[in-house]
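As structure tokens, the structure follows; a few thoughts come after it.
Please treat every number below as a calculation from the coordinates, not as lab data. The shown structure was predicted, so the numbers you read here are calculated from the model rather than taken from an experiment. Positions of Cβ are generated from backbone atoms using ideal geometry, with glycine treated the same way; all protein chains shown enter the neighbour counts.
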Amino acid sequence: MRTLGIILLLASSTAAADSVPQADVAVYNAEHAVSGRLQDPYAAEFRHVAAYRPDASSRAPQAVCGQVGAKAGFDRYSGFRSFVWVPSNGDHGTAYIGSEANGLLYLCRNATR
């Protein structure tokens, strides 16, 4: 009986641990992809960033959404713009920033964190 309890505890902690790194990796890949599209990638500031799944039963994120602030030139920040990052197989995904992200924001609005 004690062995069964330990096995169940290990199984539940492994399942919980598996879902967290996937979201963390997705957020890291998203921030890397978004900053790579900016004029000064090292000056990017991120806020309200979260990974979203299609539903609670899915472990893999379908998108990462948030806002990024970037330098527009002359060391001035242009303000925060929305971004959506969509994962794809074989690479680090695709980042959409500003107006090009508007058509994809539904991936985060109708999803689960």
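Counting charges near THR112 (Lys, Arg +1; Asp, Glu -1) among other residues having Cβ under 9 Å from its Cβ returns a value of +1. Highest mean packing comes first when the peptides 98-107, 60-69, 32-41, 80-89 are listed by Cβ atoms within 10 Å, giving 60-69, 80-89, 32-41, 98-107. Note on TYR96, TYR77, TYR42: ascending count of other Cβ atoms within 10 Å places them as TYR42, TYR77, TYR96, the fewest first. Modelled label positions at HIS92 and ASN110, each set 7 Å beyond Cα in the direction of Cβ, lie 3.0 nm from each other.
Extension gain, TYR28-ASP40: 0.36 nm per intervening residue step, less the Cα-Cα distance, totals 2.6 nm.
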